[in-house]
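What follows is calculated from the coordinates using simple rules that are stated; it is not laboratory data. Source: prediction; values computed, not measured. Every residue, glycine among them, receives a Cβ derived from its backbone with ideal geometry; neighbour counts consider all protein chains shown.
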């Protein structure tokens, strides 16, 4: 996964807020990376509505 790449949110690993749950199935652009609590690296995704949040790599797939 690279910065600028378009991705689709296809699953959510953990319980999340309602706002993040609405992103399931949404397409966004990778804008950066986030170091998680030792479980790996997260990917920060920005959506068309100018919101952004991070996901684990196994929660998104390239489109």
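Label-to-label distance, residue 57 versus residue 31, with points set 7 angstrom from Cα along the beta-carbon direction: 2.2 nm. Residues 41, 16, 9, ranked from the fewest to the most other C-beta atoms within 10 Å, line up as 41, 16, 9. Modelling each spin label as a point 7 Å along the Cα-to-Cβ direction, I'd like the residue 50/residue 24 distance in nm, to one decimal. It works out to 2.8 nm between the two label points. Taking each DSSP H run with n ≥ 4 as -39500 (n - 2.57) and averaging over every residue of the chain yields -1000 deg cm²/dmol at 222 nm.
Sorting the Cα pairs of the chain by distance into bins of 5 Å, from 0 upward, gives 4, 20, 34, 27, 13, 2, 0 percent per bin. Ranking of 27, 60 by neighbouring Cβ atoms within 10 Å, starting from the fewest: 27, 60.
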